[in-house]
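The values are calculated or read from the model by the stated rules, or taken from the named source; none is laboratory data. For clarity, every value in this text was computed on a predicted model and none was experimentally measured. Glycine also receives a Cβ, built like all others from the backbone with ideal geometry; neighbour counts cover every protein chain displayed.
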Amino acid sequence: MSKIADSLSGLVVPLSELKLLSKNPRKGNVGAVVKSYSTFGQLKPIVARKATGEIIAGNHQFLAAQELGWSEIAVVWADIDEKSARAYAVADNRTGELAEWDVNALIESLQDLDTALFDAAGFSLDELDDLKAILDEQAEIDLFPPRKGSALPIDVVRATNAANLEGNPAGIDYAPSYQERLEKYMGSAVRSIVVSLPLTKFAWAIECLAELRKQNDLETNTDVFVWMLSNATGKDIPSEE
Amino acid sequence: MQQERTFQVKSDLAELPDFYLKEVKTRDEAEELVGQTVPDLEATITEYGIYRDAESKEPLLIYAPFVGDLARYRKAILNVPMSATPRGQLGFTNISRTFGMAPRKPQHRMETCRITTLATEEPAVHMALVDVAKTLSQMVEKYVPEQFAHDTVVMEQVEEDWRISEKSLWTSGVVNKASALPYHRDRSNFETWSAMPVIRKEMRGGMLNIPAWNATVACRDGSVTIFNGFRYVHGVTPMKPLNKKAYRYSVVYYALRGMKDCHTTALEQARGREKRMQREEDFINKQYQTKDGVNLLKVLKSSDVDA
C-alpha cells in the first residue's frame, strides 16, 4: 500500500502511467530510497514529462515505490519538450551534487536520531564517525612543534606530565625551553666532565683506568679520576653532601 | 577546553550496560590459530558495554567510548613518526611506534631501562599519548574494579618510575598504523588487561577478533577496547580504505613483564655508566686483538719497555 503524504493526494497516479527515463545518466541507490520511503513515506512529488509519462526527476523514487509494492505515486507533470526534459533530468541531479555539507550541522542533525531515523537518513554509523574525524582534523589544536634532539630526562617528563594534568589544557607549554633545561642542569647536584682523546690515547687511558680500578678497588672511572686528583694534589676529596 | 581536561574523574565516566559472551573455543583451540591471518568478519560487538562470560559472569572485555579530548589525541597520533618493525614469529612487518618505557635490551646495546625515543623526538606527541593512560586506568577501575585491584597488585612489581604515567596500570604503549595483525597473544606482557583506543577515518574493517568468544569488536573511531591480551588470542580483520586519505590507528597501552627488572632511575643510570665503561674496554681489547688472540697493545707496551 502506498504511503503518500495527504497534501499530495491530488497528484497521485498509478505507477503504470509512468516510465523510466531512457538512458538515465544517473545511477542512484534505490535501497537508500526504499529506507527513506519506508520511514517517511513520499513527502515530495516526482516529476514526469506530460507528453510521454517519462520520469525526469525521481526515477529511483519510482523504483523504490515498485520495490515496496506501491501501486501509485505523487507526480508533478512538466509540459516541456524532449531536449528540455533531458536537460532538467541532468540539472536535478547536478544541482544537488554541487552542494556541500555543513559538516558540523550535519553531525548535529544525525547524532541524536534513533536507529530507524538514522538509517532512513541514508548514513551509516561509520560514515558519521568519518564526519566527526574530519571535524577533529579541522580543529585548530596546537600540539606544539617538534623539538628534534631535545633530551628530556624522565623526571622532567614526569614533572611536566603532572603540570599538564593539573590544568594546562592542551599541554602546549609543558616542554621546558632550552634555557629552562640549562637552568635545571645548572641547579642539579651532578655535573659532567667530558674527556676527548685520539684513539690510541683513548685505548691507553681505558686500560690504565681499568688497572687502577682493579688495583685500588674502585668501582667506576669517575672514582679513579677523583682518586687520582686527590693523590696528585694531596687534597682531600670533599664529601658529597 | 578546560572542561574537557577535568573530565578525567572516575565518576564522570558513563555507565555501561552488561552483555554476555559464550566461550566457543578453549584457550588451546584458540592457540592453534596463532600466526594465521584473520578472515574478513562482520562485527559482533557494536554496542558499548562490559562484556562478561555468560556462565561465570567474569568480565572479559570493556568496549567504551574514548573519554577526553579526542581531537587532541587524534592530532597527536597523526603526528607520530612511524617505523617498520618486523614481528619475527608472525612473519609480518608492522608499521608502528612505541612510546612510554622500554626495558633493557643488551643484545641491542640498550643496557638500561629507559624512556622511548619518541619522548625526546616528539615530546608533545608523547605527552598527549601518555596523558590518556591515566583515564584508561580509571576506566578499568570503574568498570571492572576486581580486575583493577588484581592488575594494581601485579604492577607493584614495577617501580613507579617505570609506569607510563603516575599510578598507571601500564608501562608502555605502541601506535599501530593500519595493522591487520595476524592472530597472536601478547606474550611479553604481564597477565593484566591492555587498553586499545582506536581512531580511524574512511577505513572499513580493522576490527578486533577474539576467537575464544567468537567476538569481533567494531573498534569504531573514538572507541576503547580493554581486555586481557596476554591470555586471549586475538587478531585484526583486513582493512579496506575508501580513499587515499583513509587511516586506522590502534594505540595499545600494556604492561611489559621485562620492566619488573628495572631498578629506580638513579640505579639504572649508574648501571648504564658501568655497562658503557665495560663496552668501551671490550671495544678497545677487540680492536687491538689479532686473529690469534694476541693483544697488540700489550705487545706494543712490552716492546716500548724493551727499547
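Observations on the model:
- Only residues that are in a helix (DSSP H, G or I) and at pLDDT below 90 were counted in region A:105-116, giving 3.
- Exclusive hit being of a type in the set (A, V, I, L, M) and at pLDDT below 75, set B:A218, B:A307: B:A307
- Test: residue in region B:58-71 that is acidic (D, E), assigned to a helix (DSSP H, G or I) and surrounded by 13 or more Cβ atoms within 10 Å (Cβ to Cβ): no
- The set of residues in region B:29-57 being of a type in the set (A, V, I, L, M) and assigned to a strand (DSSP E or B) consists of B:I45, B:I50.
- Selected residue (only one of B:S179, B:S194 is in contact with a strand residue (DSSP E or B) (Cβ under 7 Å, 6 or more places away or on another chain), farther than 24 Å from B:L13 by Cβ and more than 14 Å from every other protein chain (Cβ to nearest Cβ)): B:S179
- Residues in region A:20-38 that are part of a loop (DSSP other than H, G, I, E, B) and of a type in the set (A, V, I, L, M, F, W, C): A:L20, A:L21.
- Summed over region A:192-226, residues that are touching a residue at least 12 places away in the same chain (Cβ under 8 Å) and within 11 Å of chain B (Cβ to nearest Cβ) total 3.
- A:N29 meets all of the listed conditions (1) surrounded by fewer than 15 Cβ atoms within 10 Å (Cβ to Cβ); (2) free of Cβ contacts under 8 Å to residues at least 24 places away in the same chain but one, namely (2).
- Taking residues in region B:18-35 that are charged (D, E, K, R), and partners anywhere that are in a loop (DSSP other than H, G, I, E, B), the pairs with Cβ atoms closer than 7 Å and at least 6 places apart or on different chains are B:K22/B:A54; B:E31/B:V233.
- The set of residues in region A:9-32 that are touching a Leu at 6+ places or on another chain (Cβ under 9 Å) and under 17 Å from A:A78 (Cβ atoms) contains only A:L20.
- Scanning region B:200-219 for residues that are crowded, with 22+ Cβ neighbours inside 10 Å, within 14 Å of another protein chain (Cβ to nearest Cβ) and in contact with an Asp or Glu (Cβ under 8 Å, 6 or more places away or on another chain) yields B:R200, B:K201.
- Inter-residue pairs, beta-carbon under 6 Å, first more than 13 Å from chain B (Cβ to nearest Cβ) and touching a residue at least 40 places away in the same chain (Cβ under 8 Å) and in region A:103-128, second surrounded by 13 or more Cβ atoms within 10 Å (Cβ to Cβ) and of a type in the set (G, A, S), 6+ apart: A:A120/A:S36; A:G122/A:A32
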